[in-house]
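K.L.:
Pasting a structure below so you can have a look.
The values are calculated or read from the model by the stated rules, or taken from the named source; none is laboratory data. These numbers were taken from a predicted model, which means no experiment stands behind them. Reconstructed Cβ throughout: ideal geometry from the backbone, glycine too, with neighbour counts over all protein chains shown.
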Ligand SMILES: CC(C)(COP(=O)(O)OP(=O)(O)OC[C@H]1O[C@@H](n2cnc3c(N)ncnc32)[C@H](O)[C@@H]1OP(=O)(O)O)[C@@H](O)C(=O)NCCC(=O)NCCS
């Protein structure tokens, strides 16, 4: 998909963001903490989903990717992921990490691959997602991004 969705920053306190993440069983406990950016993605003025990044300099954590249930299956998840990867690279990251327990094969489509937690940078392992909010069974995936 080559089109770009409209993207607007939202705060971690945004009620619609929190509702969408909670409905998808994604963590909301650390949304208000520093160093996180969240975005609402819209197509022709309709909200289709959300996504976020945590910036750790040369690496970033992609998180809080959710497409609203009624909007799934139309390529929005792919579009949001690509836009977040571009943004992470522009922000200076050369590796993007994420944790997932249900969408590993979705992210493998973009070149993400499972990595051993022991090989990940401390900044990623110390994120609230990695350290406590995501189950220990969640896979840690990584992708090298180009600037
Ligand atoms: C995962 C999610 C973001 C996908 O959004 P979407 O808009 O439905 O995805 P797309 O329409 O862009 O799908 C692109 C492709 O990925 C596939 N895909 C979609 N969800 C998938 C999943 N959970 N696992 C594996 N493949 C998936 C689609 O079948 C499609 O394949 P195709 O091109 O061969 O038809 C969405 O299902 C969601 O919000 N899930 C709940 C939250 C979640 O799991 N987030 C990820 C962890 S942070």
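K.L.:
Do you know which residues across the range 124-142 are more than 12 Å from the ligand (Cβ to nearest atom), assigned to a helix (DSSP H, G or I) and under 16 Å from residue 52 (Cβ atoms)?
P.N.:
124, 128, 130
K.L.:
Okay, moving on. Looking at the structure I just gave you, is residue 73 at pLDDT 95 or above, more than 22 Å from residue 132 (Cα to Cα) and part of a loop (DSSP other than H, G, I, E, B)?
P.N.:
yes
K.L.:
Is it the case that the range 77-94 has a residue that's more than 13 Å from the chain's Cα centre (by Cα) and within 18 Å of residue 27 (Cβ to Cβ)? Give the steps one after another, and end with the answer.
P.N.:
Here is the first cut: in the range 77-94, the ones more than 13 Å from the chain's Cα centre (by Cα) are 89-94.
The next check asks that each one be within 18 Å of residue 27 (Cβ to Cβ); those that pass are none.
Within the range 77-94, none of the residues are more than 13 Å from the chain's Cα centre (by Cα) and within 18 Å of residue 27 (Cβ to Cβ).
K.L.:
Okay, next question. For residue 60, which of the numbered conditions (1) touching a residue at least 40 places away in the same chain (Cβ under 8 Å); (2) within 14 Å of the ligand (Cβ to nearest atom); (3) closer than 18 Å to residue 146 by Cβ; (4) crowded, with 21+ Cβ neighbours inside 10 Å fails to hold?
P.N.:
(1)
K.L.:
Out of the residues in the range 97-114 meeting the condition of being within 13 Å of residue 84 (Cβ to Cβ) and in a strand (DSSP E or B), tell me which one is nearest to the ligand (Cβ to nearest atom).
P.N.:
Filtering the range 97-114 for residues that are within 13 Å of residue 84 (Cβ to Cβ) and in a strand (DSSP E or B), the one nearest to the ligand (Cβ to nearest atom) comes out as 98.
K.L.:
Here's another thing I want to ask about it. Those residues that are free of Cβ contacts under 8 Å to residues at least 60 places away in the same chain, more than 15 Å from residue 76 (Cβ to Cβ) and in a loop (DSSP other than H, G, I, E, B), I need them from the range 25-57; list them, please.
P.N.:
25, 26, 28, 31, 32, 34, 35
K.L.:
Still on this model: In the range 63-76, how many residues are free of Cβ contacts under 8 Å to residues at least 60 places away in the same chain, under 20 Å from residue 31 (Cα atoms) and near the ligand (Cβ under 7 Å from one of its atoms)?
P.N.:
Looking only at that region, the number is 4.
K.L.:
A follow-up question, please. Go through the range 31-45 residue by residue and tally those that are out of contact with any strand residue (DSSP E or B) (no Cβ under 6 Å at 6 or more places or on another chain) and within 14 Å of the ligand (Cβ to nearest atom).
P.N.:
Matching residues across the range 31-45 total 2.
K.L.:
Still on this model: So residue 121 clears everything in (1) more than 15 Å from the chain's Cα centre (by Cα); (2) within 14 Å of the ligand (Cβ to nearest atom) except one condition, right? Which one?
P.N.:
Evaluating residue 121 over (1) more than 15 Å from the chain's Cα centre (by Cα); (2) within 14 Å of the ligand (Cβ to nearest atom) leaves (2) as the failure.
K.L.:
I've got another one for you. Tell me which residues, restricted to the range 13-24, are surrounded by 11 or more Cβ atoms within 10 Å (Cβ to Cβ) and free of Cβ contacts under 8 Å to residues at least 40 places away in the same chain.
P.N.:
14, 16, 18, 19, 22
K.L.:
Condition (residue is within 22 Å of residue 82 (Cβ to Cβ) and within 15 Å of the chain's Cα centre (by Cα)) applied to the range 22-29: is it met by at least one residue?
P.N.:
Residues of the range 22-29 that are within 22 Å of residue 82 (Cβ to Cβ), as a first pass: 24, 26.
Applying the additional criterion that residues be within 15 Å of the chain's Cα centre (by Cα) yields 24, 26.
Yes, that holds for at least one residue.
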